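Student: Pasting in a structure now, in structure tokens, and then I'll have a few things to ask.
The values are calculated or read from the model by the stated rules, or taken from the named source; none is laboratory data. Bear in mind that the values here come from a model prediction, so they are computed numbers and not experimental data. Quick reminder, even Gly has a Cβ in these numbers, built from the backbone with ideal geometry, and neighbours come from all protein chains shown. For accessibility, only protein heavy atoms count, side chains too; no ligands or nucleic acids. Shrake-Rupley method; radii C 1.70, N 1.55, O 1.52, S 1.80 Å.
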Amino acid sequence: MVGIEASAYFHNLNLYTFTQFLLAVKSPIQYFKARYDVMPPLKDHLSLQLQDISKSFATHTLFEGLSLQIGAKSRIGLIGKNGCGKSTLLKIIMGELEPNEGTITRAPGLRINYLTQEPKITPGLTLEQEMQSVFDELNDLTAKEAEIIEEYNQEGLTEDDYMVLAEKLDAVHQEMARLDAGSMDARIGKILKGLGFEQADHQRQTTDFSGGWQMRVNLAKILLEDTDVLLMDEPTNHLDMDACEWLEGFLNEYPGGIVLVSHDRRFLDQVTTHIADLEGGKIRVW
């Protein structure tokens, strides 16, 4: 249960037709309350819970007594005025910031990834190499495979030595199969194409791209990683319409939970099922 608060006023919104009510309201907040107030509560497995969280900087209090639950399949849009603490809240969920008060409970082994509004690329890498750097475990296995093969080709090994190496190599290959190593290049190609990159871009240095396209590089890396909860801060800021529509489809098929900040009303409508409105240091989810 996400702690949905529904006043009698907002419950009565379903007496209007959707079109009639859109004509009657002006602000995005009103629109979202009309759109999401009648949505059912989350019932899926809980991944993460924030309980009575407070965060202040010097004498400025961003929020206090804030509670939020994120399920394994949650689709939550985080909205609020600029400066209300949305990015700070994402950083607290990610673990990059500590709250002044309150508790955060995470499911054992929970993997969280976070798309910020700042480009983060590795100088000296091509776009393709930057994408491949995401697969740390797979890259470690590839290096281990090369070591075993090199040892296998050494002279003077006994039959028992070959058997031991063969068993090690088989174990590595089983792990690579579990990680679906064979589809890595296809996954990279699919995501880069969806975000608007051309095949010729794959061998370009990431530092050659503009800031907006470097943000697309970051977004592609985030989407490649296999995480349980995906946090996204304004993911559509540097995307054209085609890339936005592709991202909507990708996120609708994403197997984990999603919490995203966006001022794009259409994008929120297409991707999220619940809205978390951060206002006056409090949060309301519907």
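Student: Please give the net charge around F209, taking every other residue with its beta carbon less than 11 angstrom from that of F209, where Lys and Arg add +1 and Asp and Glu add -1.
Tutor: Values: positive: R204, R216; negative: E130, D201, D208.
My count for the surroundings of F209 gives -1.
Student: Hey, another quick one. Please give me the summed charge of the neighbours of S54: other residues whose Cβ is under 13 Å from its Cβ, Lys and Arg +1, Asp and Glu -1. Kindly include the intermediate steps, with their values, before the conclusion.
Tutor: Values: positive: K55, K282; negative: D52, E64, E98, E101.
Neighbour charge sum, excluding S54 itself: -2.
Student: If the cut-off is a Cα-Cα distance under 18 Å, which aspartates and glutamates reach K55, setting aside same-chain residues fewer than 8 apart in sequence?
Tutor: Candidates past the 8-residue exclusion: E64, E96, E98, E101, D277, E279.
Student: If r is the Cβ-Cβ distance from K190 to Y162 and R0 is 35 Å, what FRET efficiency results, to the nearest 0.05? Don't skip to the answer; put the middle values down first.
Tutor: On the way: r = 39 Å, r/R0 = 1.12.
Approximately 0.35, to the nearest 0.05.
Student: Past 21 Å, Cα to Cα, is the threshold; run K81/K282; K144/K190; K91/K221 against it and keep the listed order.
Tutor: Values: K81/K282 12 Å; K144/K190 27 Å; K91/K221 18 Å.
Distance filter (> 21 Å) returns K144/K190.
Student: Provide the net charge surrounding G281, with neighbours chosen by a C-beta distance below 14 Å and charges set as Lys +1, Arg +1, Asp -1, Glu -1.
Tutor: Values: positive: K55, K81, K86, K282, R284; negative: D52, E64, E101, D277, E279.
Within the 14 Å Cβ shell, the charges total 0.
Student: For the range 40-110, what does the alpha-carbon gyration tensor say about shape, rounded, prolate or oblate, given a ≥ b ≥ c as the root eigenvalues, a/c under 1.5 as rounded, and a/b over b/c as prolate?
Tutor: Numbers: a/c = 2.14, a/b = 1.54, b/c = 1.39.
Prolate, since a/c reaches 1.5 and a/b exceeds b/c.
Student: Sticking with this one: Pop a pseudo-label 7 angstrom from the Cα along the beta-carbon direction at both E155 and K81 and give the gap in nm to one decimal.
Tutor: Going from the E155 label point to the K81 one covers 7.9 nm.
Student: Rank these by accessible area, largest first, 1.4 Å probe: W286, W246. Working shown, then result.
Tutor: Details: W286 5, W246 60 Å².
Listed by decreasing accessible area, they come as W246, W286.
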